[in-house]
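Structure, as structure tokens:
Nothing in this text is a laboratory measurement; each read-out follows from the coordinates by a stated rule. If you're wondering where the values come from, they're calculated on a predicted model, not measured in any experiment. For neighbour counting, all protein chains shown are included, and Cβ atoms are generated from backbone atoms with ideal geometry for every residue, glycine included.
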Amino acid sequence: MERDIRILFSDTFLVGIMFANFCIDLFVTAATFSNLISSSYFLMIAPGSNFLTAMVAAFQSGRDVWREKYIKDLASYLFTLPVPRRLFAASRVAGGVARSVIATFPGTLVISYLYGILFSPKLVDAFVIVGLFSLGIVGLSMAVSAFASSIEVFATVRSAIQLYLSFLSTIFYPASLFPVIVQPIVETNPMTWAMNAFRSLSGQGSSLGPIAILVAPSLAFALLGIGCYLWYARL
């Protein structure tokens, strides 16, 4: 985990650039759409800007795994370290989640302020939601890196996953506005569940239920990433 976090900060401006992209998504795209539709629309789509940043950071972990395997040839060395292989693979997932949470830390605070939960216990729930979402995406990115034969293949699959998570979810529109045939896909999108969980923080009720829905798919994707990471390392 320490190594993955150190990689994140190896580029001095990387976290700043990610936060700048988040601000553009939020205060340009979201604000523009809210002026076209209604002011409440801004708060509706605001968490999506942060989840998009988390997704970018999570896929960087998979890109690093691919580079270790094909470019730097570090994978064989890393798996000789004096720790169990499964523990090492799990630590790579944990490191990726830590990177995503750190990269989205300023954005999570901004969205929490907009939702009026910055100084309430629900702020912890906000970071839990971002962490659970990142857990699943890091697992997916590591699984993709295990089978990608080139960086172009990795980038193509990454773009396809990001397209699905972004535009076939409720970031921009409620599921009811999608064509009927597409609605089941939208409603089962992990991004939709993450958005619903974060939006629930602005209400008075408990957010435990919406957060709990994220646990199973996130753990499943994380285990998939660990399994694929161990599988290619044995080749």
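Sequence-distant contacts, meaning Cα pairs under 8 Å at least 6 residues apart, place the relative contact order of the chain at 26 percent. Here the simple spin-label model places points 7 Å from the Cα toward Cβ, and for L43 and F27 these points are separated by 2.0 nm. Please work out the C-alpha center-to-center distance from the stretch 88-142 to the stretch 45-61 and express it in whole Å. Centre-to-centre distance over Cα atoms comes out at 9 Å. A dipole drawn for the chain from +1 and -1 charges on Cβ atoms has a positive end, and of Q183, G62, I211 the residue lying farthest that way is G62.
Taking each residue as 0.36 nm, the span from W231 to I213 lengthens on full extension beyond its C-alpha to C-alpha distance by 3.6 nm. From least to most packed, judged by other beta carbons within 10 angstrom and beginning with the fewest, T192, T156 follow the order T156, T192. Taking the dipole about the Cα centre of the chain, with the C-beta of Lys and Arg at +1 and of Asp and Glu at -1, give me whichever of F19, I171, V144 is farthest to the positive side. About the Cα centre, the residue reaching furthest to the positive side is V144. Using Cβ point charges alone (K and R +1, D and E -1), the dipole size of the stretch 2-233 about the Cα centre works out to roughly 360 debye. Applying the criteria of a DSSP loop state and at most 14 other Cβ atoms within 10 Å to the chymotrypsin sites (Phe, Trp or Tyr not before Pro) of the stretch 91-124 yields F119. Taking label points 7 Å from Cα along the Cα-to-Cβ direction, R86 and S176 give a separation of 4.7 nm.
Sorting S166, S218 from the fewest to the most surrounding beta carbons within 10 angstrom yields S166, S218. The packing ranking of peptides 93-102, 135-144, 204-213, highest mean first, is 135-144, 93-102, 204-213, where packing means the average number of other beta carbon atoms within 10 angstrom of each residue.
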